[in-house]
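Some notes on the structure that comes next.
Derivation of every value follows stated rules applied to the coordinates shown; laboratory data play no part. Here the structure is a predicted model, which means the values were calculated and not measured.
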């Protein structure tokens, strides 16, 4: 085996193909990584000079798989700028639509993006390989044929509440444009109960409340030991992860950030905050966010807060290797996503997993599956709490001079929109997406981003040009590169 080499992995193309990872490999391990997003979008420039309400139509077009998250962030930014307070009914409907998109994304990630890698021939000598190939192999496996109809049926909820998906206009600054009648609550609960049944029978093989109540790594191992490895898809994942040591693969940043998920009447279902490994956590201060462009093909001489951010392309910039900016929180690299949400929220299972082994491939996927078990019951509660006949949306006049920020949690993590209105038009619009945080390049101090850190130490076989370990790590972050740069 050669002592040192450099390999380029990519494009990663299960969501879309605009991601390249440049690896320095020494003695069979990744010594350094550079993550490149080679597609420039220009949405932040497109928005300048537009009417602020045009953002409701244009910005969700950033992405076709998390457009509701973008809509929620736009609505929140305009709500902040206008000073509106959405009624509880509107908050519940908006949360239902956002949660439906996020949970559908979790399901898609697990079945279509992450698990198919374990059906590769490189694992053919593993005891679980035949079962994994039969279940998860792309196109041919039995899982896609089962999960896609279940996912489609679940997303009927989105159609009922917002007319269509993606790119709905139902989420508004003052709440939700769709009022729900009493008889429609029954239809919504029927859809949720059908989805719950599918999760309990196929994914988990157990009630959702049983999964969400697992409070430690030992308890999770004991739960898995009581079942056959092929008893459910969750059991399959746990068996594969344990044998391959996925809890020791892909440890990244030690700092986790969450903007707070599913807010109703001032309270989040999953808390807003910042937490490091071994720490109790602290309050999140949006003023601590800056974006560094020292290694991006962008022009700027200093790191800026998004409210004062600029997006000015500079193609021939020395030392640049991506269009992605480098977000930092008080100068530190932060990871976001379901793992960060549950770690900040203090779910005991995730806290124990992260405390023992840090963030990892296993922890990231586990947290996304855990959210399926946690959020569906919350959605059922939100539907029951809707009060037909009361307001779902309020209206207000948008000032000619204002600024606003919209902070939401997409499936992949912290999404922020920063809006400045001057003379009734958009003077500045800056977006920091979850993949911008996680797939960040180095900053001015040379500190790598979260994925770049997580890839260091990953094993690379002598004949591997697309290393399996590298793929597992990248997939655990779930790249959505069209959301990364604007």
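Observations on the model:
- The Cα trace of the chain gives Rg and Dmax of 21.9, 71 Å, the first to one decimal, the second as a whole number.
- Note on the chain: helix-only mean residue ellipticity at 222 nm, from DSSP H runs of 4+ residues weighted -39500 (n - 2.57) and normalised by residue number, equals -11000 deg cm²/dmol.
- Separation of segment 91-157 and segment 233-248, taken as the distance between their Cα centroids, equals 16 angstrom.
- The distance separating the Cα centre of segment 408-435 from that of segment 163-198 comes to 25 Å.
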